[in-house]
Every structure is written in structure tokens, then in C-alpha cells.
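K.L.:
First the structure, which I've put down as C-alpha cells, then a few questions once you've had a look.
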Amino acid sequence: MENPGLVVHGQAASFSTALRSLVNNPRYSDVCFVVGQERQEVFAHRCLLACRCNFFQRLLGTETGPGVPSPVVLSTVPTEAFLAVLEFLYANSVTLHRYSVLEVLTAAVEYGLEELRELCLEFVMKVLDVELVCEALQVAVTFGLGPLQERCITFIEAHSQEALRTRGFLELSATALLPVLRSDKLCVDEAELVKAARNWARVGAAVLERPVAEVAAPVVRELRLALLAPAELSALEEQNRQEPLIPVEQIVEAWKCHALRRGDAAPGAPCRRRRGTLPRDHHRFLDLRFK
């Protein structure tokens, strides 16, 4: 009986380098992508993409007719992220950068590249900072990336005041903002959180061309108005008359807690302290046990 052959391996580094040299190389290329809003041409090789990724197998599966094939338009993926995807598909390794990793992660999820997705997640966890965390949270919520979402929430809890001032916070969807506002561990006072929620709603209202109160409606119930002192609540009430943000009945519920000196006086008015809640005289009447 013939002995089975022995598989031997050449140098992996030189093989990877050779394949990497084909990324966006028009030589021998048989497919051209028009990528991103800049409509930049990117050259690739059908057989390699198709054997490495089911998305491209389906996308490029149709037979090409005679002559030069038409470019494949991928307008939603940024060019740099697409080139990173190609680098991974060609060389099975990828160079990631903090400023573009979330775009690469998004492309990896959309193209079904699980290994690249895990590499991106690992990288994001390592480089997560104040400027990146809200953008990462939005990606995590959009694509159901539970571990990344938990890591982002934990980071925001520890760096709440800084995170609330970032552009990424203002651009969060209501769905992504909800778990932040529900946290007991935010290191920020409720008065600052109300201001941050108003700024967030203003930006959303401008972008969506909708009233501030309508934009805020899905999240504003998570604000714990009963934690505010009477003077602060009065000032908020006056501001709310000028620029509606919070339903009147929610403010009434907070006043009811003050009047009755009981945290359970209005079930719709949560009064649990957060980690960053500043002490106020009336807190001794409320159920303020920190969780």
C-alpha cells in the first residue's frame, strides 16, 4: 500500500508578501470596483475574492461577457476600509488603524468575514478611548456585537463627563443612547446628564428636521429628575417651557417625589443615584441605595 504523501510548507512570509503586492494592482486584474463616495477605482482578482468570501462569490458569480467587464460599484464602503478587506482576503493579515478600524469592522460584518471581524473587535478593545467609544458603541448596537457594547458601556461609565462631550455621543442613535442613560454607574451628575441629553436631541432635531421633544421621546424617560434639587427642577421647568424636551407629566412626577418626600411617590420618576450623583439635601427622603 502506497504511503500517503507528506505536506511540507514553504515560507509563509514571502507567500503573504507576494499576494499582498496584488492588492489594488491592475496587472492581471479582472475586476474593477468603484468604491466610496469618491468613486475611486480599486482593482482585484475574481477567483481569489470568490474563493475567500461568499459575499464576493455571489457578487461576482455572474458570467462576464466579451470585452471589458463593467466596474462593480460599492458606494457605501470607504476606500481605505475596502482596501483593508482586500488585504485580509489576499494575505490573511491586515494593517488596522484606530481612525478607520470601525469602518473595517462594519465592512467585515456586512461581508460575512468572521475572522476579520474578530481581529477588528480585538483591536478596538485595545485602542478604545474617549473619542472612539461612542462611535464603537453605535457600531456594536447596530450589528448586535454584545461584548463590544458591554465594553463600551463600561468605558463610558468610567469616563462619563469626557464621553458626553464628544461628537460621537451627539451622533448616537436613540437605541444606542438608551443603555447609557439606564446605567447606575455613570460618573456624572444628573444635571449634567440632562444638559447632555438636550444637546444630543438638538443635534438630532437639526439632522432629522424634527422637533427636539420628538427626537428625545425614546430616551428622556431615563433621566432621573427626582434627583435634582427644587431650584434645579424649577429652572429645568422654565427651560422646558421655552424649548420642550421633557414631557410635562415627567416633571410633575419629580415634583410629587419632592412634595411627599418619598422616592416611591411617583413610580414613573426613577430616583436611584448614579455613581456620579452629587448629594442634595432632599436625597435623604428618597430611596437612594446605590446598586
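The values are calculated or read from the model by the stated rules, or taken from the named source; none is laboratory data. Worth saying up front: this structure is predicted, and the values here are computed from it rather than measured. With ideal geometry, Cβ positions are generated from the backbone for all residues, glycine too; neighbour counts draw on all protein chains shown. Surface areas here come from the heavy atoms of the whole protein model, side chains and all, with no ligands, DNA or RNA. Shrake-Rupley method; radii C 1.70, N 1.55, O 1.52, S 1.80 Å.
K.L.:
Accessible area per residue of the stretch 185-274 at 1.4 Å probe, in Å²?
P.N.:
I get 48 Å² per residue for the stretch 185-274.
K.L.:
What residue among Ala50, Ala254, Ala140 shows peak mean-square fluctuation when the chain is described by a Gaussian network model with Cα springs under 10 Å?
P.N.:
Top of the fluctuation ranking is Ala50.
K.L.:
Just subtract the alpha-carbon distance of Gln11 and Val72 from 0.36 nm times their residue separation and send over the number in nm, one decimal.
P.N.:
Gain in length upon complete extension: 18.6 nm.
K.L.:
Using 0.36 nm per residue of separation minus the Cα-Cα distance, give me the extension gain between Val34 and Thr154 in nm, one decimal.
P.N.:
39.3 nm is the gain from fully extending Val34 to Thr154.
K.L.:
If you don't mind, another one. 222 nm [θ] for the chain, helices only, -39500 (n - 2.57) per DSSP H run of 4+, per residue, to 500?
P.N.:
Value at 222 nm, helices only: -15500 deg cm²/dmol.
K.L.:
Top mean-square fluctuation among Gln161, Gln250, Gln239, Gaussian network model of the chain, C-alpha springs under 10 Å?
P.N.:
Largest GNM mean-square fluctuation: Gln239.
K.L.:
Something else now. Once you have the Kirkwood Rh of the stretch 154-264 from its Cα pairs, apply Stokes-Einstein at 4 °C and 1.567 mPa s and quote D in µm²/s.
P.N.:
For these conditions, the coefficient is 90 µm²/s.
K.L.:
State in Å² the accessible area per residue of the stretch 48-155; use a 1.4 Å probe, count heavy atoms of protein chains only, and round to the nearest integer.
P.N.:
On a per-residue basis, the stretch 48-155 sits at 49 Å².
K.L.:
Apply the Karplus parameterisation 6.51 cos²θ - 1.76 cosθ + 1.60, with θ equal to phi minus 60°, to every residue of the stretch 71-78 and state each ³J(HN,Hα) to the nearest whole Hz, in sequence, with x for glycine and proline.
P.N.:
3J(HN,Hα) across the stretch 71-78, in whole Hz: x, 9, 8, 10, 7, 8, 9, x.
K.L.:
Run the numbers for Glu237 and Glu214: contour at 0.36 nm per residue of separation, minus the present Cα-Cα distance, in nm.
P.N.:
Additional length available on full extension: 6.5 nm.
K.L.:
Report the label-to-label distance for Glu131 and Val252 in nanometres (one decimal), using points 7 Å from each Cα along the Cα→Cβ vector.
P.N.:
Placing both labels 7 Å along Cα→Cβ, they lie 4.7 nm apart.
K.L.:
If you roll a 1.4 Å probe over the chain with all protein chains in place, what percent of the accessible area is carbon or sulfur?
P.N.:
54
K.L.:
Are there chymotrypsin sites (Phe, Trp or Tyr not before Pro) in the stretch 1-45 that DSSP marks as loop and that have at most 15 other Cβ atoms within 10 Å, and which are they?
P.N.:
Within the stretch 1-45, the qualifying chymotrypsin sites (Phe, Trp or Tyr not before Pro) (loop, at most 15 other Cβ atoms within 10 Å) are Tyr28.
K.L.:
Got a sec to turn the phi values of the stretch 223-236 into Karplus ³J(HN,Hα) couplings, 6.51 cos²θ - 1.76 cosθ + 1.60 with θ = phi - 60°, whole Hz, x for Gly and Pro?
P.N.:
With the stated coefficients, the stretch 223-236 comes to 6, 9, 5, 5, 6, 6, 6, x, 5, 5, 5, 5, 5, 5 Hz.
K.L.:
Report the percentage of all Cα-Cα pairs in the chain whose separation exceeds 23 Å, rounded to a whole percent.
P.N.:
In whole percent, the share of Cα-Cα pairs in the chain beyond 23 Å is 64.
K.L.:
Using a Förster radius of 30 Å, what is the FRET efficiency between Arg98 and Gln161 based on their Cβ-Cβ separation? Nearest 0.05, please.
P.N.:
Given R0 = 30 Å and the Cβ-Cβ separation, E is 0.85.
K.L.:
While we're on this one: By a straight-distance test (C-alpha under 17 Å), which aspartates and glutamates pair with Lys185 as possible cross-link partners, with residues fewer than eight away in the same chain excluded?
P.N.:
Correct list for Lys185: Glu150, Glu157, Glu162, Glu222, Asp287.
K.L.:
Scan around Val31 for amide H atoms under 5 Å from its own, H built in the peptide plane at 1.01 Å from N, and keep only partners 5 or more places away or cross-chain.
P.N.:
It is Ala44, Arg46, by chain and number.
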